[in-house]
Amino acid sequence: MATTKDPAETSVDALTEDQAQTELAHLATTLARHDAAYHTHDDPEVSDAEYDALKNRNRAIEARFPHLKRADSPSDRVGAAPLETFAKVTHAVPMLSLDNAFDETDVTEFVGRIRRFLKLDALLPLAFTAEPKIDGLSLSLRYEQRRLAIAATRGDGTVGENVTRNALTIADIPRTLPDGAPDIVEIRGEVYMAHADFAALNQRMEETGGKVFANPRNAAAGSLRQLDSAVTASRPLRFFAYAWGEMPDMPADTQSGMIEVFSAWGFQTNPHFRQCADVADMIRVYRAIEEDRATLGYDIDGVVYKVDRLDYQARLGFVSRSPRWAIAHKFPAEKATTILRDIEIQVGRTGALTPVAKLEPVTVGGVVVSNATLHNEDYIKGIGQDGLPIRDGKDLRVGDHVTIQRAGDVIPQIIDVDLSKRDPAAQPYEYPTLCPACGSHAVREINPNTGKEDAVRRCTGGLICPAQAVERLKHFVSRNAFDIEGLGAKQVDAFYRDGLVMNAADIFTLQTRDAGSLKKLKDREGWGSQSADNLFTAIDARREIGLDRFIFGLGIRHVGETTARLLARTYGTFEDFETAVTAAGDPESDAWADLNAIDGIGATVARALVAFFDERHNTDVVHALLKEVRPVPVETARTDTVVAGKTIVFTGSLEQLTRDEAKAQAERLGAKVSGSVSKKTDLVVAGPGAGSKLKKAEELGIEVIDEAGWIAMVDS
Ligand code: IVH
């Protein structure tokens, strides 16, 4: 490691102004180089201590000569140049969510379930921990050889975004761990913003014409997910550590022990963390935390209970996406009263008209609410989904005084109307029968299965409706469909508005048309040649795409991802799919019967498919799209292999394969890949460095093989 002579020998107090200026210039370049070496190239030239010394010296000189502070001062900048996008990170251990408890009964049942599962005698002690559920966003911090290597957001729980540079700007997140810490450590916790910091940030934003955030959680998420880490650095984010991911060498055997270790390693842990002996204790802690809620200085939305003993946690394992050994006891929904100012109708991808309540802004549980969901026309009238009255059958009229409720992440609901305050002249709301976007008739179809009128009114304009067209495009480019990087809802709106992209096929001719156009993409506001090139590259990358994604991207009503995959697997090619569905147009035909005979396809989906291919404007776009894009068959899950139907865990490092390759191989062979070892695991593939998972597999008597064994198995 090179040493550096940058911190000049002279003490800051003795520097002349000229010397200070020269040194600040020098420090700016040196620190920028170190930042790039560390963050971009992952190859630091100096130790952390040396880096910190340079940074401190820079700060000290600036403090003495504030007028000499440079525009590119290293004190204001963290990391290297802004990123174009975040890289994806596959979590070594998935990031799970928590099941909810809403009252004491739920908590008692939770404890009862655990005791039964563990077959614990009622007299045997079973300790829990209780701690606030922080309302922020979770972050996973991976330390390798005691240095922060990757910080990743939760994402979908399996794949998150690499926000390492940004995490490095958060003072609560240590860059390094102390000497005694193991080689591989993944700390998980919550990034959040304190109330006071949130208020100050919003004030600053308002003054500078920036975006004002709705609540501290949005502010925290928006600040962490900044492509320019200098922006994150200027935001007051904090972090509480409360869980872990991959941790081959466990430093403790209880949840509370782990929290103590985290604290010793330099993490902030929540001061309200408690151990509890029984349900009564847990509820006591819950009440105490609820009482303190208003004065904590940050948002929490409940209390999390966890089984304290880690061997019990391991035995309990997971149910779908949540651990069996933990639960979030949520605080009751919060309510407020306000005025219904207007009812706005939005038009979705399939033409559904959705009413949204525009409210006089009101704070509910520290969050400013100005919209509430109204679901559909009956809901406004006071009729619920099952035809029974809601809000005691009271309808909603513009100008009404209403009670709204917000529960956690749920969109606020209007739960009551104060009729005593209603203007006697107020009229019942007249639901539009014409589409507000295109003027076509909006109708409530008769559901052929039930013979009843659909709750949703739909625009009949199809593709002539701009609102539907643009929503379809947004769906087409969305993550689980074509997932075109750099082409999101905002860009789709702008391209559609300017006539650049009117349908899905247009996306793929954008570059050719751009080449011959006078107003080039790179000259548009918010674009440059780099981002335009990146977009064209991202579009090209999707000229070949799985048939399942292709079908899903078409946005056919009732065809979600699972159905699209099923259709792709059943038909193999788009041509066969189209031929079969087109032939099914005649309800007397064998083709119709065949379509309905597919396991997982009911009459509703079959009808929607036929209706889609029956529309000329749909098939025109599909055929134009097929000139640009080649859907490729999806591999069918095998049932005839040794690992078909088995649950496999890969642990430790693999040398010949990447994790992703191994996972893809396993899935191709019909196996399920899991991140953690439990009784349900059938096979563990362990490479060098495997730790706790291997140990657990051995304890549970699960078959363990090495990478060579796996390759032999796959090849056989
Ligand atoms: S434990 C295996 N503890 O709640 C689950 N989560 O609904 C590990 N959260 O995604 C989570 N405070 O973002 C845990 N004290 C706490 C928490 C907490 C907030 C969040 C976390 C998680 C979500 C689950």
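A few notes on this one:
- In segment 148-182, the residues that are of a type in the set (A, V, I, L, M), assigned to a loop (DSSP other than H, G, I, E, B) and crowded, with 16+ Cβ neighbours inside 10 Å: Val163, Leu168, Ile170, Ile173, Leu177, Ala181
- When Ala372 is tested against (1) in a strand (DSSP E or B); (2) buried (at least 20 other Cβ atoms within 10 Å of the Cβ); (3) out of contact with any Pro (no Cβ under 6 Å at 6 or more places or on another chain), exactly one condition is not met: (3).
- Glu45 more than 16 Å from the ligand (Cβ to nearest atom), surrounded by 16 or more Cβ atoms within 10 Å (Cβ to Cβ) and modelled with pLDDT of 90 or more: no
- Subset of segment 146-193 (residues that are within 16 Å of the ligand (Cβ to nearest atom), β-branched (Val, Ile, Thr) and within 19 Å of the chain's Cα centre (by Cα)): Thr153, Thr158, Val159, Val163, Ile187, Val191
- Among the residues of segment 91-108, those that are over 14 Å from Val307 (Cα atoms), out of contact with any Gly (no Cβ under 7 Å at 6 or more places or on another chain) and either more than 9 Å from the ligand (Cβ to nearest atom) or without any contact (Cβ under 8 Å) to a residue 60 or more places away in the chain (or both) comprise Ala101, Phe102, Asp103, Glu104, Thr105, Asp106.
- Taken over segment 195-233, residues that are in contact with a Pro (Cβ under 7 Å, 6 or more places away or on another chain) and outside any helix (DSSP H, G or I) amount to 2.
Here is a yes/no grid of residues against (1) loosely packed, with under 14 Cβ neighbours inside 10 Å; (2) under 30 Å from Ala690 (Cβ atoms); (3) more than 16 Å from the ligand (Cβ to nearest atom):
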residue: Met247; (1), (2), (3): no, yes, no
residue: Met250; (1), (2), (3): no, yes, no
residue: Thr254; (1), (2), (3): no, yes, no
residue: Met258; (1), (2), (3): no, yes, no
residue: Gly266; (1), (2), (3): no, yes, yes
residue: Phe273; (1), (2), (3): no, no, no
residue: Met282; (1), (2), (3): no, no, no
residue: Glu290; (1), (2), (3): no, no, no
residue: Thr295; (1), (2), (3): yes, no, yes
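- Some residue of segment 636-656 being more than 26 Å from Val93 (Cβ to Cβ) and surrounded by fewer than 12 Cβ atoms within 10 Å (Cβ to Cβ): yes
- Candidate set: segment 417-441, residues that are part of a strand (DSSP E or B) and at pLDDT 95 or above; chosen: the one nearest to Ala372 (Cα to Cα): Val417
- Residues of segment 592-630 that turn out to be free of Cβ contacts under 8 Å to residues at least 24 places away in the same chain, surrounded by fewer than 18 Cβ atoms within 10 Å (Cβ to Cβ) and small (Gly, Ala, Ser), as a count: 3
- Contact map, segment 552-568: first residue touching a residue at least 12 places away in the same chain (Cβ under 8 Å) and of a type in the set (Ser, Thr, Tyr), second residue buried (at least 19 other Cβ atoms within 10 Å of the Cβ) and in a helix (DSSP H, G or I), Cβ cut-off under 8 Å, separation 6 or more or different chains; pairs are Thr563/Val605.
- Checking Ala199 against (1) surrounded by 14 or more Cβ atoms within 10 Å (Cβ to Cβ); (2) more than 16 Å from the ligand (Cβ to nearest atom), the condition it does not meet: (1)
- Residue that is surrounded by the most Cβ atoms within 10 Å (Cβ to Cβ) [pool: residues in segment 484-506 that are closer than 23 Å to Leu547 by Cβ and touching a residue at least 60 places away in the same chain (Cβ under 8 Å)]: Ala504
- Test: residue in segment 255-265 that is more than 19 Å from Asp179 (Cα to Cα), in a helix (DSSP H, G or I), in contact (Cβ under 8 Å) with a residue 24 or more places away in the chain and touching a Lys or Arg at 6+ places or on another chain (Cβ under 8 Å): yes
- Candidate set from segment 297-323 (those that are in a loop (DSSP other than H, G, I, E, B) and of a type outside the set (Ser, Thr, Tyr)); member that is farthest from the ligand (Cβ to nearest atom): Gly297
- Among residues of segment 680-716, those that are within 15 Å of Leu669 (Cα to Cα) and touching a residue at least 40 places away in the same chain (Cβ under 8 Å), counted: 6
- When segment 122-145 is limited to residues that are under 16 Å from Val163 (Cα atoms) and within 18 Å of the chain's Cα centre (by Cα), the one that is farthest from the ligand (Cβ to nearest atom) turns out to be Leu141.
- Hits in segment 203-235 (condition: more than 23 Å from Pro74 (Cα to Cα), surrounded by 14 or more Cβ atoms within 10 Å (Cβ to Cβ) and polar (S, T, N, Q)): Asn215, Asn218
- Residue in segment 442-457 that is surrounded by the most Cβ atoms within 10 Å (Cβ to Cβ), counting only those that are over 17 Å from Leu374 (Cβ atoms) and free of Cβ contacts under 8 Å to residues at least 40 places away in the same chain: Val443
The values are calculated or read from the model by the stated rules, or taken from the named source; none is laboratory data. These numbers were taken from a predicted model, which means no experiment stands behind them. Quick reminder, even Gly has a Cβ in these numbers, built from the backbone with ideal geometry, and neighbours come from all protein chains shown.
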